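**Student:** After the structure tokens below, expect a handful of questions from me.
The values are calculated or read from the model by the stated rules, or taken from the named source; none is laboratory data. No experiment lies behind these values; they were computed from the predicted model shown. Neighbour counts run over all protein chains shown; Cβ positions are idealised from the backbone, glycine included. All accessible areas refer to the heavy atoms of the entire protein, side chains included, with ligands and DNA or RNA removed. Shrake-Rupley method; radii C 1.70, N 1.55, O 1.52, S 1.80 Å.
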Amino acid sequence: MGKALETRYPILLVHGLLGFVRLPGHSYWNGIDVALRRQGAAVYPVRLSGVHDNEALGEQLLERIAAIRAASGARRVNLLGHSQGGLSARYAAARRPDWVASVTTVATPNQGSEVADRLRHRVPPSGRSERLLARGFEGLARLMERLECAEPGLCLPLDGPASLLALTSEGMAGFNARYPQGLPACWGGEGAAEVDGVRYYSWSGTLQTRDDAVLGFDPGHVLCRQLARCFVREAGQNDGLVGRFSSHLGKVIRSDYPFDHLDVINRCGGRREGEGKPLGVYLEHLARLAEAGL
């Protein structure tokens, strides 16, 4: 395929909650960035705070975009965000549409996560339980910063309580009222494919029967199955953390890939074949962006 998949603008990969770029022996994007570069794309995984609200993360992302624009000479960028990273991308595009050519959200809770709703119900705001939970999340995020290989010496702002609220249905309702670009007009539908010159795309997966004899034991998948019990509205139609229809934004590529919330960033690596191979979805999207002149 070669140069046929080279995009006009660089691609920025934006991690989700408790995310990173590279820890010792492990990459957040699990070879996705490498595979896209092999096709000729300029790809930049960016590092944001591990836990914070969508607006704060979006402001950090705008700083990264500005730096990459200056270094590369590119006028605009393509943003691809996993989970909460998609919300950071949405914010950046709403604030500076002249900097952003496209936004692609991958397994992003664009209408909120029922897991966050359940946690918010069990951990009321401003109580002792919330403080303990916040300290745990912030401590883990700080540890991951210290282990970060790509940017050693990081010390980004953290806010555990704000991060939890940001991912609830209530928090997302407020966010969506302020930044509605690409949102579907009806539940489960598609949104505008282009707003203010920015193209919007989304895809996600759902938990499906898998052959552990082929894929092997996967603790991440077990966790996703346990968290899936939190879902009521989208019971049986979620990836363990994000509901299928909650993920819809702009042009919906597909929202029932056979991926859990971690599979969708290639955590299953080369153990899958055919439509169960996440890397192929990213390469198809690279071709889609290139064909669109983005």
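**Student:** Could you please let me know if R118 is assigned to a helix (DSSP H, G or I), of a type in the set (K, R), surrounded by 13 or more Cβ atoms within 10 Å (Cβ to Cβ) and at negative phi?
**Tutor:** yes
**Student:** Six or more apart or on different chains, Cβ under 8 Å: which pairs go from a residue in the range 64-79 that's in contact (Cβ under 8 Å) with a residue 24 or more places away in the chain and farther than 10 Å from V100 by Cβ to one that's part of a helix (DSSP H, G or I) and open to solvent by less than 50 Å² (accessible area, probe 1.4 Å)? Could you list them?
**Tutor:** A74/I68
**Student:** Taking the stated definitions as given, is G216 farther than 21 Å from E114 by Cα, of a type in the set (G, A, S) and modelled with pLDDT under 95? Step through it out loud before you land on a result.
**Tutor:** Details: farther than 21 Å from E114 by Cα: yes; of a type in the set (G, A, S): yes; modelled with pLDDT under 95: yes.
Against the criterion (farther than 21 Å from E114 by Cα, of a type in the set (G, A, S) and modelled with pLDDT under 95), G216 qualifies.
**Student:** Among the numbered conditions (1) open to solvent by 20 Å² or more (accessible area, probe 1.4 Å); (2) in a helix (DSSP H, G or I), tell me where P97 comes up short.
**Tutor:** All conditions are met except number (2).
**Student:** Which of the residues belonging to the range 224-255 are small (G, A, S) and closer than 21 Å to N176 by Cα? Before you say what the answer is, go through the steps one by one.
**Tutor:** The first filter runs over the range 224-255 and keeps only residues small (G, A, S), leaving 228, 235-236, 240, 243, 246-247, 250, 255.
The answer is G243, S246, S247, G250, S255.
**Student:** Limited to the range 238-266, what total is found for residues that are acidic (D, E) and surrounded by fewer than 23 Cβ atoms within 10 Å (Cβ to Cβ)?
**Tutor:** 1
Conditions (1) closer than 13 Å to Y179 by Cβ; (2) at pLDDT below 95, marked per residue:
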| residue | (1), (2) |
| --- | --- |
| L80 | no, no |
| L87 | yes, no |
| A93 | yes, no |
| V100 | yes, no |
| G112 | no, no |
| H121 | no, yes |
| L132 | no, yes |
| R135 | no, yes |
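**Student:** Would you mind telling me which numbered condition in (1) open to solvent by less than 40 Å² (accessible area, probe 1.4 Å); (2) touching a Pro at 6+ places or on another chain (Cβ under 7 Å) G81 fails?
**Tutor:** (2)
**Student:** Basic (K, R), more than 20 Å from L279 (Cα to Cα) and touching a residue at least 40 places away in the same chain (Cβ under 8 Å), is that true of R229?
**Tutor:** no
**Student:** Given (1) over 18 Å from R199 (Cβ atoms); (2) outside any helix (DSSP H, G or I), identify the lone condition not met by T104.
**Tutor:** Only one criterion in (1) over 18 Å from R199 (Cβ atoms); (2) outside any helix (DSSP H, G or I) is unmet by T104, namely (1).
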